[in-house]
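Here the structure is laid out as structure tokens; the discussion comes afterwards.
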């Protein structure tokens, strides 16, 4: 009997081999990475990209990008990150056999401007526990120092105020204390920065208050050259002398 054995062989299933690029273009909420596929494995690449997490060894079950198919090098934009946070990133490539991962890269996002401003405001409040700030829906922080007994101003009333404007480090940038005249303006008509215009409406004649004003209710990203930088929270101490 002649036994004929034919070895057809079989192709071993193999996941892709991929490397992870260094992390670049790091901001408070984004970064850039990517990878290079050095071996497609046993089948064509179905999808590739990068995956990331705040925990080590991220997988495609975590956050990920979908950057294409095939082989070669690719760039990935990582978005939606939190400021001042450590992230772990790996490039990945998937074929019919499974997913291969590159070596892990680690980076920390910057403190973005919005987050930095929030930190400054938070630190000021916790450093001054004697002040009782109320957070208004607009984002304004309001604290009564002396509650007035006179009328409360409403839109189009004339308000007469004595004020001092400070940065949160205590440096005064503007004041009319000692001037012969008070600052007089019509309430709610946009003559002042929004935070000041709003804060006055919570006061009563004869009252004194602190207004902790985030930059979005003050001079915003433009600032006020040359005294107030962009994205700067401000503190106003306001005396409401008269309402007419």
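Values in this text are rule-based calculations from the coordinates and carry no lab data. Worth saying up front: this structure is predicted, and the values here are computed from it rather than measured. Positions of Cβ are generated from backbone atoms using ideal geometry, with glycine treated the same way; all protein chains shown enter the neighbour counts.
Would you calculate, for the chain, the mean residue ellipticity at 222 nm contributed by helices, counting each DSSP H stretch of 4 or more residues as -39,500 (n - 2.57) and dividing by all residues, to the nearest 500?
Working: 2 runs with 22 residues, N = 244.
That comes out to -2500 deg cm²/dmol.
Let me know the shape class of the chain, please: from the alpha-carbon gyration tensor, a ≥ b ≥ c as square roots of the eigenvalues, rounded when a/c is under 1.5, otherwise prolate if a/b is greater than b/c, or oblate.
In terms of gyration-tensor shape, prolate.
In terms of the Cα gyration tensor, with a ≥ b ≥ c the square roots of its eigenvalues, is the range 113-243 rounded because a/c is under 1.5, prolate because a/b exceeds b/c, or oblate?
Note, shape of the range 113-243 comes out prolate.
Quickly rank 191-199, 120-128, 226-234 as a protection proxy: mean count of other C-beta atoms within 10 Å, highest first.
191-199, 226-234, 120-128
Find the relative contact order for the chain and round it to a whole percent, using C-alpha pairs within less than 8 Å whose residues are 6+ positions apart.
Over the chain, the number comes to 16 percent.
Compute the long axis of helix 113-127 from its Cα atoms, compare it with the longest principal axis of the Cα atoms of the chain, and write down the angle in degrees, 0 to 90, nearest 10.
The answer is roughly 50 degrees.
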